[in-house]
Amino acid sequence: MPGKSTWGPFLYHRIRMFPFLALAVVTVGIVVVLEVVSYRALERIPSVATEEFPEIDRELLGKFSSFDPELGWVPQPDQEKQKDTGDHLPGEELRTVVTYSTDEYGSRVCPAKDRDTDADVTVSTYGDSYCFCREVNNDETFQHYMAQELDTHVANYGGGNYGLDQALMRLKRQYPEEPTDYVFVVVTASSIARILSVWKHYQEFGNILAVKPRYVLEDGELERIDSPVDEKEDLLDLESKADFLREYDFHYDHWFKPHYATRPYTTDFLDDAEKVRYALYEAGIEIEKRLERPIPGIDFDQAQTQSMLRMEQARVRYHERLFETHEYLFDALIAEFVDYAEEQGFTPVFAMVQQLRYAKYEAEHGPIYGDLLDRLDERYDDLETVDMVEHLSPDDGDVESLYVERGEGGHYSPETNREIAKVLADVVES
């Protein structure tokens, strides 16, 4: 038959090739699955960026009730919110819900003492979430305990994720409405990064709603760069402002791009054992949620928190380098605070407090801000400074005992806030 001699070898060759083709298909399938799984895992790891411009939908935008065109965001007046701190395991009874309340000024309420314009001494505080006292109730803030110590109202104008720059901006906006004898600015060392930021996502991946103004130094003078977002709706199209964000946010080049995940995602994921551990703990938490009960033998929530703190050490070292290269901007903001105090006639107090991620690092390496507070003392006769680390060092070295046990992790406990209040009240009384 014609063609018989041709088809035989052809079919034989095809049959012999089949195992190799099957192996190739299986290999490609495994690679694709690994890439998808790795990308999904990287999406959940806080130390990795997987998108430059994640989608912001209208539902998420609607929840952004603190938007402020001048400051970026600010606690709104006459609000009361209850926050589940996460202080429970799946299936367990809820143990901790904290209440955040603000008064007509947008200050967190001070249950210990009402405002009194005839008080012998008046006090206000400005700063970040450690000033606001997240993760504790209204009557567990250091302002509440401080008001008890001083027998006077203590206003709380802390703002979550604020840097020294936003604290100063809020002070200048608020002080004319509520002048006080003493103004405390209370921030963590992460302010060194926040004052270089315009869009928080470039340094705190996933914090996509937080667009803010900042200051730059021009010929030795502070110049304010306003936020590029005038209306909340503008957040829906941040990519159109990409050039501005990349130019004025220092972290785009120095933190975001080095931590931006690229293909092959599998290599990016598997090359770091800490990322793998974090993903496994995340999977354990998801399983517990589905089962609606904890898995005996391991506290996945606590293990994941410890994993996150280990990954955060790289950020702490990054912030330490920023104090070496950009402390001049920090100093300039402190100088502006002191000048404004002289202009308005109040006593300025600057207090540095400590996030948990810094506490664990600094216990071995010393403060990442070096002798900053000593230099500020020498430079400004009218400025009072408080390095809270010097007052909050447990004898047993267990720095974690200063903070809430679970929850978002890293804010001071009510007991620690009581100690902080005594230290700050001493500044006024002395």
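Out of Gln354, His326, Ile298, whose Cα points farthest toward the positive end of the dipole of the range 298-361 (charges: +1 Lys, Arg; -1 Asp, Glu; placed on Cβ)?
Ile298
Past the 29 Å Cα-Cα mark, which pairs from Lys81/Lys275; Lys257/Lys289; Lys83/Lys232; Lys63/Lys172; Lys63/Lys200; Lys360/Lys422?
On the way: Lys81/Lys275 34 Å; Lys257/Lys289 34 Å; Lys83/Lys232 24 Å; Lys63/Lys172 27 Å; Lys63/Lys200 17 Å; Lys360/Lys422 24 Å.
Flagged as over cut-off: Lys81/Lys275; Lys257/Lys289.
Taking the Cα centre of the range 308-430 as the origin, how large is its charge dipole in debye, to the nearest 20, when only Lys and Arg (+1) and Asp and Glu (-1) carry charge on their Cβ atoms? Spell out each step's value before the answer.
On the way: 11 positive and 30 negative charges, 154 e Å.
Charge dipole, the range 308-430, about its Cα centre: 740 debye, nearest 20.
For semi-axes √(5λ) of the Cα gyration tensor in Å, one of (i) 34, 26, 21; (ii) 48, 24, 17; (iii) 49, 25, 21 was computed from the structure I shared and the rest are decoys. Which label?
Read-out from the structure maps to (iii).
Among Val211, Tyr412, Leu171, pick out the residue whose Cα is farthest towards the positive end of the charge dipole of the chain, where Lys and Arg carry +1 and Asp and Glu carry -1 on C-beta, about the Cα centre.
Val211
In square nanometres and to one decimal, what's the mean projected area of the convex hull around the Cα atoms of the range 102-165? Don't skip to the end; give the middle numbers.
On the way: hull surface 17.2 nm².
For the range 102-165, averaging the hull's shadow over all directions gives 4.3 nm².
Between the range 304-356 and the range 194-224, what's the alpha-carbon centroid distance in Å?
Each part's Cα centre sits 14 Å from the other's.
Add -39500 (n - 2.57) for each DSSP H run of 4 or more in the chain, then divide by its residues: what number comes out at 222 nm, to the nearest 500 deg cm²/dmol?
Details: 13 runs with 185 residues, N = 430.
So the helix-based figure for the chain works out to -14000 deg cm²/dmol.
Could you tell me which of rounded, prolate or oblate describes the range 27-161, using a ≥ b ≥ c as the square roots of the eigenvalues of the alpha-carbon gyration tensor, with rounded for a/c under 1.5 and, failing that, prolate when a/b is larger than b/c and oblate otherwise?
prolate
Pick from Leu21, Leu171, Leu373: which is most flexible by mean-square fluctuation in a GNM of the chain where alpha carbon atoms under 10 Å apart are linked?
Leu21
Once phi is turned into ³J(HN,Hα) by the Karplus curve 6.51 cos²θ - 1.76 cosθ + 1.60 with θ = phi - 60°, what whole-Hz value does each residue of the range 196-211 show in order, with x for glycine and proline?
9, 9, 10, 10, 4, 4, 6, 10, 10, 4, x, 7, 8, 8, 8, 10
Taking every pair of alpha-carbon atoms in the range 106-243, what share in percent sits in each 5 Å bin, from 0 to the bin with the longest distance?
Pairs per bin, as whole percents: 2, 10, 17, 19, 17, 14, 10, 7, 3, 1, 0.
Given the options Pro69, Gly160, Ala283, identify the residue whose Cα lies farthest towards the positive end of the charge dipole of the chain (+1 on Cβ of Lys, Arg; -1 on Cβ of Asp, Glu).
Comparing the listed Cα positions along the dipole, Ala283 ranks first.
Given the options Ser240, Ser197, Ser227, state which has the largest fluctuation in a GNM of the chain using a 10 Å cut-off (strictly under) for Cα springs.
Ser240
Can you tell me the dipole magnitude for the chain around its Cα centre, using point charges on the Cβ only (Lys, Arg +1; Asp, Glu -1), in Debye to the nearest 20?
Numbers: 43 positive and 87 negative charges, 721 e Å.
Taking the Cα centre of the chain as origin, the dipole is about 3460 debye.
Quick check: from the Cα gyration tensor, does the range 137-191 come out rounded (a/c under 1.5), prolate or oblate? Working shown, then result.
Working: a/c = 2.21, a/b = 1.29, b/c = 1.72.
Note, shape of the range 137-191 comes out oblate.
In angstroms, what radius of gyration and Dmax does the range 214-255 have, counting Cα atoms only?
Using the Cα atoms of the range 214-255, the pair Rg, Dmax is 12.1, 36 Å.
Using a Gaussian network model of the chain whose springs link C-alpha atoms within less than 10 Å, name the residue from Asp243, Asp114, Asp68 with the highest mean-square fluctuation.
Asp243
Rounded to whole Å and sorted largest first, list the principal axis extents of the Cα atoms in the range 330-430.
43, 28, 25
In whole Å, largest first, what are the principal axis extents of the Cα atoms in the range 267-384?
Over the range 267-384, Cα extents along the principal axes are 61, 32, 23 Å.
Laboratory data are not the source of any read-out in this text; all were calculated from the coordinates shown. Fair warning: this is a prediction, and the values are worked out from it, not measured in the lab. Counting neighbours? That spans all protein chains shown, and the Cβs are built from the backbone with ideal geometry, glycine included.
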